[in-house]
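These notes are about the structure you will find just below.
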Amino acid sequence: MMHGVLVKLSIIWHIINYQMITKIKAAVEYIQNKYPAKPLVGIVLGSGLGSFTNEMKIEQEIAYSEIPHFPLSTVEGHSGKLIFGELGGKQVVAMAGRFHYYEGYTAEEVVFPIRAMKFLGISTLLISNAAGGMNLDFEVGNLMVIKDHISLFTPNPLIGENIAALGTRFPDMSQPYSKILINKAKAIAARENIDLKEGVYCGVTGPTFETRAEYKLLNIIGGDAVGMSTVQEVIAAVHMGLTVFAISVITDIGIREEENKITHAEVLLAAKEAEPKLTHIFKELIAGL
Ligand code: HPA
């Protein structure tokens, strides 16, 4: 009896897995029909960091809404698109707009574009995000290279039967962020006089910003910055063997604010101001790949 149930469950999971690969392949086939060149690098652009693509020689843009099986955007005016082109002499694909868990997407939906980019051919993934600072040495507008993360309350995107075509059942997470790229970024920052911080990113669900007690807690457990994205994307990327590099733009120092409230507008403004530094580091990293 029990065995029968397990067999049925196993069959269901195999069908779901098969469907996942089929969906990724359908999305990739659609994209490749519109843009056949193979990108080497995937880039995820965080809140307020979209004008990065001004630096690209853009060759094709594809709206998420037209790609089969891409999650449907729930937020008006936040349609999102893949932007293909050349940067630093390399073929790249940039995600202008990402899917957040707080918008109501499943963890699997959040990471679908990352998986699609891997199947398009990328081997390196560069991620940016806006984050709240908890390290008292940080200031608004600082960049923080992510050396490690703590996943808090967002479901792991690999839950369910493992999809062996993507990666192993129990991925190692001892060094999710490439040490080589971290060191290269530090060298670029030193050369350009960019004050590049380094720290641990806490990934939370949002959409609320943290309470004072929560900022304090996250600091005590080892977090230097906190944000509502990135961790699920990094897990999916590491699962597939991608080389990952990520930077947070520190848009507020929640732990320090006594009177000020944190607003989305403030976060976007701080991100915009820090963007040229981030763009520079990404561009140089790509040129050196
Ligand atoms: N908390 C969570 N996410 C954020 C923050 C923050 O303070 N700032 C920008 N994104």
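The values are calculated or read from the model by the stated rules, or taken from the named source; none is laboratory data. Keep in mind the model is a prediction, meaning the values are calculated, not measured. Cβ: placed from backbone, ideal geometry, glycine included. Neighbour counts: every protein chain shown. To get the accessible areas, we keep the full protein, side chains included, count just its heavy atoms, and leave off ligands, DNA and RNA. Shrake-Rupley method; radii C 1.70, N 1.55, O 1.52, S 1.80 Å.
So here's what we get for this one:
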quantity	calculated
Positions within the stretch 129-144 being touching a helix residue (DSSP H, G or I) at 6+ places or on another chain (Cβ under 9 Å) and open to solvent by 10 Å² or more (accessible area, probe 1.4 Å), in sequence order	Ala130, Asn135, Leu136, Val140, Gly141, Asn142
Residue within the stretch 172-191 that is in contact with a helix residue (DSSP H, G or I) (Cβ under 8 Å, 6 or more places away or on another chain) and of a type in the set (Gly, Ala, Ser) present	yes
Residues satisfying the stated conditions in the stretch 86-134, i.e. within 15 Å of the ligand (Cβ to nearest atom) and not β-branched (Val, Ile, Thr)	Arg98, His100, Tyr101, Tyr102, Glu103, Ser128, Asn129, Ala130, Ala131, Gly132, Gly133, Met134
Tally, over the stretch 267-289, of residues that are more than 9 Å from the ligand (Cβ to nearest atom), more than 13 Å from Ile188 (Cβ to Cβ) and open to solvent by less than 70 Å² (accessible area, probe 1.4 Å)	3
Residues located in the stretch 51-70, provided they are open to solvent by 40 Å² or more (accessible area, probe 1.4 Å) and farther than 14 Å from Arg115 by Cα	Ser51, Asn54, Glu55, Lys57, Ile58, Glu59, Gln60, Glu61, Ser65, Glu66
Filtered residues of the stretch 276-289 (kept if under 17 Å from Phe138 (Cα atoms) and either over 16 Å from the mean Cα position of the chain (by Cα) or not in a helix (DSSP H, G or I) (or both))	Lys277
The lone exception for Phe153 - which of (1) surrounded by fewer than 16 Cβ atoms within 10 Å (Cβ to Cβ); (2) more than 15 Å from the ligand (Cβ to nearest atom); (3) of a type in the set (Phe, Trp, Tyr) it fails	(2)
Close pairs (7 angstrom Cβ cut-off, 6 or more residues apart or separate chains): of a type in the set (Gly, Ala, Ser) in the stretch 53-78, modelled with pLDDT of 85 or more anywhere	Ala63/Lys81; Ser73/Tyr64; Ser73/Ser65; Ser73/Gly80
